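A.B. asks: Mind looking over this structure? Questions follow.
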Amino acid sequence: MITVVDRFSAARWYAVRPASNRKPATYRCPLCGGLLPALRDHMLVFPEGDPSRRRHAHSACVARARQAGRLPFKHEVLPASPGLLSRLLRRRARPRDGD
Ligand SMILES: [Zn+2]
């Protein structure tokens, strides 16, 4: 059986932004399992950027998880789009006139 926490931790990457909702609710932080009053400053974490799987998490837990490498951002795990970098590499590989 796949639990909500499994679905959260199975993501390859995460998007994180400060939470701005001010609804008087209490959430459970997916990183420490502790309770999180929504009125306190905290973060929203989106597994693979999916808004339907977003979770409210303590800011300190997000910082700790980031430091431990457990909450990678998209650009840290997926190859960059073939744009600027490949253009730069191609330019370097090509011998210049007069070389
Ligand atoms: Zn927490």
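The values are calculated or read from the model by the stated rules, or taken from the named source; none is laboratory data. Keep in mind it's a predicted model, so treat the numbers as computed, not measured. Because the Cβ atoms are built from the backbone with ideal geometry, glycine has one as well, and the counts that use them run over all protein chains shown. Areas reflect the complete protein model, heavy atoms only, side chains present, ligands, DNA and RNA absent. Shrake-Rupley method; radii C 1.70, N 1.55, O 1.52, S 1.80 Å.
A.B. asks: When the range 26-47 is examined, which residues are found to be in a loop (DSSP other than H, G, I, E, B) and modelled with pLDDT of 95 or more?
C.D. replies: Correct list: CYS29, PRO30, LEU31, CYS32, GLY33, GLY34.
A.B. asks: Pull out all pairs, ordered by first then second residue, where Cβ-Cβ is under 7 Å, the residues are six or more apart or on different chains, the first lies in the range 31-44 and is open to solvent by 20 Å² or more (accessible area, probe 1.4 Å), and the second is among the polar types (S, T, N, Q) and not in a loop (DSSP other than H, G, I, E, B).
C.D. replies: That search, which allows pairs on different chains as well, returns LEU35/THR26; PRO37/THR26; ASP41/SER59; MET43/SER59.
A.B. asks: Just checking, how many residues over the range 8-25 are modelled with pLDDT of 95 or more and either hydroxyl-bearing (Ser, Thr, Tyr) or near the ligand (Cβ under 10 Å from one of its atoms) (or both)?
C.D. replies: Counting residues in the range 8-25 that are modelled with pLDDT of 95 or more and either hydroxyl-bearing (Ser, Thr, Tyr) or near the ligand (Cβ under 10 Å from one of its atoms) (or both) gives 1.
A.B. asks: Which of the residues spanning the range 48-78 are at pLDDT below 95 and either near the ligand (Cβ under 9 Å from one of its atoms) or among the polar types (S, T, N, Q) (or both)?
C.D. replies: Scanning the range 48-78 gives a single hit, SER52.
A.B. asks: Let me ask you something else. Collect the residues in the range 8-30 that are in contact with a helix residue (DSSP H, G or I) (Cβ under 7 Å, 6 or more places away or on another chain) and surrounded by fewer than 12 Cβ atoms within 10 Å (Cβ to Cβ), keeping them in residue-number order.
C.D. replies: ARG12
A.B. asks: Would you check which residues across the range 60-83 are outside any loop (DSSP other than H, G, I, E, B), free of Cβ contacts under 8 Å to residues at least 24 places away in the same chain and among the small types (Gly, Ala, Ser) and list them?
C.D. replies: ALA60, ALA63
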